[in-house]
Amino acid sequence: MGSKERAAGILMPISSLPSKYGIGCFSKEAYDFVDKLKEAGQKYWQILPLGPTGYGDSPYQSFSTFAGNPYFIDPETLIEEELLTRKECDSFDFVSHPQYIEYEKIYKSRFKMLKIAHKRFQTMDCPEYLQFCSEQAFWLDNYALYMAIKDSKGSVCWREWEDDIRLRNFDAVERYKYKLHEEFCFYQFQQYEFFKQWDKLKKYANDNGILIIGDLPIYVALDSADAWAEPALFQMDENGEPTRVAGCPPDAFTELGQLWGNPLYNWEYHENTGYGWWISRIRNCLRLYDIVRIDHFRGFDEYYSIPADAENAKIGRWEKGPGMKLFYRLKEVLGDVNIIAEDLGFLTQSVIDLLKESGYPGMKVLQFAFDESGTSGYLPHNYDNNCVVYTGTHDNATTEGWYWSLTDKEKDIVNEYLAFNPQYDGRISNRLIRTAMASPADMAIIPIQDYLALGNEARCNTPSTLGDNWKWRCKEGFFTDELISYVRRMTELYGRCEILRPEPESEESACEEVEEEK
């Protein structure tokens with residue numbers, strides 16, 4: 001994956017940045033974070049998916065696999081563009097808690113604010129906007145129409161719409177385009193502002209030596225423009241209903257398995273069309289990110305298929321995915337693409353073989369390493385260099401929360417391997433960070449919560465739960481000079497960035513100091 005030098009980065013969702021507008025966005029705080037990353041010797045900023053979110057607020061269940069989240073549009077930039085006034089922005093209630101996102105407040109205020117901006121924008125002559133809408137029409141038109149119709153029907157999923165528009169009858173589509181033209185244009189405007197602001201922020205990061213690692217969920221949401229507009233991509237019947245859906249089988253943690261409900265791909269159709277939709281999808285990701293982390297990589301080898309009417313995941317079956325055929329095609333059209341494969345969990349030999357053949361680096365999560373066998377592939381002495389090491393991910397507890405929830409026996413295993421004594425050695429998060437940084441992995445990514453040594457009050461997501469996920473945000477001024485020095489030193493110490501040394505004094509300045517002393 002690109003160059004193989006040792007380097008490091010920080011996992012920090014855009015939404016978790018501080019902001020006066022209730023959720024992190026492409027604001028001054030994001031640019032400040034880039035500056036701090038550079039100062040701390042980091043090369044990577046890993047973020048979560050950037051798509052628009054719906055019920056449950058999960059970035060992994062988006063209304064579009066191509067669109068951007070309008071919550072991330074920076075109101076301050078809109079003020080500079082004279083699309084909003086300061087008074088208008090201040091009139092909305094975005095937040096009452098400084099560290100947790102209140103999605104209901106944002107939902108009720110953000111779109112009202114953006115509609116004011118759109119109304120002013122409509123009076124302006126903007127060739128760049130027209131160019132954007134033309135270039136992105138292959139997904140933007142479907143997304144804008146989908147969201148406009150969805151709004152007009154009380155936000156219900158397309159499966160509850162009338163048959164004519166649910167099945168995209170030509171006359172119905174044209175009728176809704178005419179009827180909802182204003183709302184259609186509003187969603188186009190949102191995407192124009194999103195991409196314009198993100199492109200600027202990404203360029204700033206790249207110009208300062210920071211590469212963006214973005215996240216690509218393998219599946220799309222059933223409640224999405226993709227599933228509505230292109231049912232042939234998925235395992236759906238003639239009425240547009242999914243026949244089989246995604247999930248995971250029962251295991252030691254979930255007796256009934258996990259029923260995700262995402263529509264499964266019709267891989268035969270994708271192969272027959274030269275994987276055109278996937279090429280468009282990855283190409284869009286390469287505009288957004290420098291490196292793409294593909295979630296649930298094993299699904300390309302085999303995927304778990306559950307009947308759409310099943311109540312749980314117990315009666316599913318494993319089916320073959322496209323394997324290397326997809327990745328050969330991507331390379332043929334797009335060249336070498338920088339991809340990280342999320343290969344966590346139980347892996348069959350065929351998945352291991354697929355990862356090896358692809359050449360993509362997999363993931364190593366230290367929180368998964370410490371079992372009684374002492375042979376875990378997540379233990380650092382078992383790594384090769386072609387992997388990415390994490391203390392934990394967005395789906396894990398924070399390292400402090402993880403350690404203090406272990407049994408005494410489990411703590412003993414961790415303590416022995418890390419030579420850690422909780423009475424004398426400070427924070428376990430510091431020790432796990434050192435272990436990650438010292439590992440053979442080419443890339444080390446540390447969640448910002450672990451650098452801040454926070455407990456589970458700062459956890460990002462608890463899988464298979466609803467209500468308290470994706471909410472945590474950093475406090476203003478979280479990236480202190482002391483923290484920058486610590487991150488820099490850990491990165492230097494283990495050979496993941498150049499060591500900054502004091503500038504040698506010139507002979508002239510040394511003489512001046514001597515004269516002053518006299």
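Brief remarks on what is shown
- For segment 19-49, the candidate set comprises residues that are in a loop (DSSP other than H, G, I, E, B) and in contact with a Phe, Trp or Tyr (Cβ under 7 Å, 6 or more places away or on another chain); within that set, the residue that is surrounded by the fewest Cβ atoms within 10 Å (Cβ to Cβ) is TYR21.
- Complete set of residues in segment 457-483 that are assigned to a helix (DSSP H, G or I) and crowded, with 18+ Cβ neighbours inside 10 Å: ALA458
- Any hit, segment 202-216, residues being in contact (Cβ under 8 Å) with a residue 12 or more places away in the chain, over 28 Å from PRO75 (Cα atoms), surrounded by fewer than 21 Cβ atoms within 10 Å (Cβ to Cβ) and among the small types (Gly, Ala, Ser): no
- Every residue from segment 449-476 that is on the phi > 0 side of the Ramachandran plot and without any contact (Cβ under 8 Å) to a residue 40 or more places away in the chain: GLY467
- The single residue among GLY209, GLY214, GLY240 that is of a type in the set (Gly, Ala, Ser) and more than 30 Å from LEU37 (Cα to Cα) turns out to be GLY240.
- Remark: SER15 falls outside the filter, which requires a residue to be in a loop (DSSP other than H, G, I, E, B), among the small types (Gly, Ala, Ser) and crowded, with 22+ Cβ neighbours inside 10 Å.
- Hey, GLN61 among the polar types (S, T, N, Q) and either at pLDDT 95 or above or buried (at least 20 other Cβ atoms within 10 Å of the Cβ) (or both) or not: yes
Conditions (1) within 30 Å of ASP141 (Cβ to Cβ); (2) touching a residue at least 60 places away in the same chain (Cβ under 8 Å), marked per residue:
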{"position": "GLU5", "(1), (2)": "no, yes"}
{"position": "LYS20", "(1), (2)": "no, yes"}
{"position": "PHE26", "(1), (2)": "yes, yes"}
{"position": "LEU37", "(1), (2)": "no, yes"}
{"position": "GLY56", "(1), (2)": "yes, yes"}
{"position": "PHE66", "(1), (2)": "yes, yes"}
{"position": "SER91", "(1), (2)": "no, no"}
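- Where helices (runs of 4 or more DSSP H) fall wholly inside segment 77-184, the ranges with 2 or more residues that are surrounded by 12 or more Cβ atoms within 10 Å (Cβ to Cβ) and under 26 Å from the mean Cα position of the chain (by Cα) are 103-121, 127-135, 137-152.
- Selected residue (criterion: nearest to the chain's Cα centre (by Cα)) from residues of segment 249-294 that are assigned to a loop (DSSP other than H, G, I, E, B) and surrounded by 19 or more Cβ atoms within 10 Å (Cβ to Cβ): TYR289
- Failed item, numbered, when ARG434 is tested on (1) crowded, with 17+ Cβ neighbours inside 10 Å; (2) within 30 Å of the chain's Cα centre (by Cα); (3) assigned to a helix (DSSP H, G or I): (1)
- The number of residues in segment 318-373 that are surrounded by fewer than 20 Cβ atoms within 10 Å (Cβ to Cβ), under 24 Å from TYR417 (Cα atoms) and aromatic (Phe, Trp, Tyr) comes to 2.
- Boolean, MET124 is at pLDDT below 95 and either closer than 14 Å to TYR187 by Cα or in contact with a Leu (Cβ under 9 Å, 6 or more places away or on another chain) (or both): yes
The values are calculated or read from the model by the stated rules, or taken from the named source; none is laboratory data. Note that the coordinates shown come from a computational prediction; the quantities given were computed from them, not determined experimentally. Every residue, glycine as well, gets a Cβ built from its backbone with ideal geometry; the counts of neighbours run over all protein chains shown.
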